[in-house]
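Shown next, in structure tokens, is the structure this report addresses.
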Amino acid sequence: MPKVTVLPHAELCPEGKTIENAPEGQTICDLLLDNDIEIDHACEKSCACTTCHVIVRKGFDSLEEPSEIEEDLLDQAWGL
Ligand code: FES
């Protein structure tokens, strides 16, 4: 099972966190929320807002290809 390392974030996860045994197929958004890292998710994960976007520093190749909708939305996301 995948291991996910969350780097420290001043507001969301000041100490950082390592999540062992992340379920395969679970979204990063759901994984973070399930582990008490309360990232924004304004549209309740319906792929309409990008407030849940994260930056993947390592392991990008292990992710599924983004859908066309995701690519279009990421063009509008702040901070990327
Ligand atoms: S909560 Fe993820 S796109 Fe809106």
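The values are calculated or read from the model by the stated rules, or taken from the named source; none is laboratory data. Keep in mind the model is a prediction, meaning the values are calculated, not measured. All Cβ positions, even for glycine, are placed from backbone atoms using ideal geometry, and neighbour counts span all protein chains on display. When the accessible area is computed, the model is the full protein with side chains, heavy atoms only, and any ligands, DNA or RNA have been set aside. Shrake-Rupley method; radii C 1.70, N 1.55, O 1.52, S 1.80 Å.
If I ask for residues that are among the hydrophobic types (A, V, I, L, M, F, W, C), near the ligand (Cβ under 6 Å from one of its atoms) and surrounded by 12 or more Cβ atoms within 10 Å (Cβ to Cβ), which ones from segment 30-46 would you list? Show your work before the answer.
Let us first name the residues in segment 30-46 that are among the hydrophobic types (A, V, I, L, M, F, W, C), namely 31-33, 37, 39, 42-43.
Cutting the leftovers down to near the ligand (Cβ under 6 Å from one of its atoms) gives us 42-43.
Passing the criteria: only CYS43.
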Problem - SER62 of a type outside the set (D, E, K, R), open to solvent by 70 Å² or more (accessible area, probe 1.4 Å) and without any contact (Cβ under 8 Å) to a residue 24 or more places away in the chain - result: no
Practice task
Of the numbered conditions (1) in contact with a His (Cβ under 9 Å, 6 or more places away or on another chain); (2) closer than 22 Å to GLU65 by Cβ; (3) surrounded by fewer than 14 Cβ atoms within 10 Å (Cβ to Cβ), LYS3 fails exactly one; give the number of that condition.
Solution key: (1)
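Taking the condition of being assigned to a loop (DSSP other than H, G, I, E, B), under 20 Å from GLU70 (Cα atoms) and modelled with pLDDT of 90 or more, how many residues in segment 25-46 meet it?
Step one: of segment 25-46, the residues assigned to a loop (DSSP other than H, G, I, E, B) are 25-27, 35-46.
Subset that is under 20 Å from GLU70 (Cα atoms): 25-27, 39-46.
Imposing the further condition that a residue be modelled with pLDDT of 90 or more reduces the set to 26-27, 39-46.
Going through segment 25-46 one residue at a time, the tally reaches 10.
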Practice task
Output the residue which, of all residues in segment 47-63 that are at pLDDT 90 or above and closer than 14 Å to PRO2 by Cβ, is nearest to the ligand (Cβ to nearest atom).
Solution key: VAL56
